[in-house]
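Here the structure is laid out as C-alpha cells; the discussion comes afterwards.
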Amino acid sequence: MAARLQAVRLAFGKVVDHVMAEVKRHPNEVFAGSVPYLMLAGQLAAGWQFGRGMLAAIRKLAEGEDVGFVQHKIAVARFYADHVLMRLPGLRGVSEADIEITISS
C-alpha cells in the first residue's frame, strides 16, 4: 500500500507541476486535461483514506479486536492498492498528453 501511494503521490505532484507551468499561457488546454487530473487527485485521496483505515485495522488486529471485520478492512485496502492505485500513475501521462495535444492543435 505505501509503495503504491508513494508512486501515485509522485505522479500527482508531476501533474500539478505541469499544470502550474502551463496554466497561465494555455488555460483552456490545461482545462482540457482536467478529467484525468481530477481522477488522479480523487483516487489518491481515497487511497490515503484506505491506507489510514488499513493501519488502524492492523493495530486492532494486533489487539485481537473484531478479527473478522479488521481482516476484511485490510483485504479491501490491499485490493484498492493492487487494482486501483496500481493504474493511477498512468493518468499522469494522459493528463499531460491531453494538455500537449490541445496546445499543438
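Read the figures in this text as sums done on the coordinates, not as results from a lab. Not measured: the values here are computed from a predicted model. Note that each Cβ is placed from the backbone with ideal geometry, even for glycine, and that neighbours are counted across all protein chains shown.
Counting Lys and Arg as +1 and Asp and Glu as -1 over every other residue whose Cβ lies under 13 Å from the Cβ of Met1, the net charge comes to +4. Label-to-label distance for Ala75 and Arg87 is 2.2 nm, based on points extended 7 Å past Cα in the beta-carbon direction. Residues whose amide H falls under 5 Å from that of Asp66, counting only those 5 or more places apart or on a different chain, are absent, with hydrogens built in the peptide plane. Any idea what the relative contact order of the range 2-104 is, in percent, if you count C-alpha pairs under 8 Å spaced at least 6 apart? RCO, the range 2-104: 47 percent.
Using the Cα centre as the reference, give the magnitude of the dipole from point charges on the C-beta atoms of the chain (Lys, Arg: +1; Asp, Glu: -1; all else neutral), rounded to the nearest 20 debye. Mind dumping the intermediate values first?
On the way: 12 positive and 10 negative charges, 51 e Å.
Dipole about the Cα centre, nearest 20: 240 debye.
Normalised by the empirical 2.2 N^0.38 Å for globular proteins, what value does the Cα Rg of the chain take?
Values: Rg = 17.3 Å, N = 105, 2.2 N^0.38 = 12.9 Å.
The chain yields a ratio of 1.34.
Each stretch of four or more DSSP H residues adds -39500 (n - 2.57); spread over every residue of the chain, this sum gives -29000 deg cm²/dmol at 222 nm.
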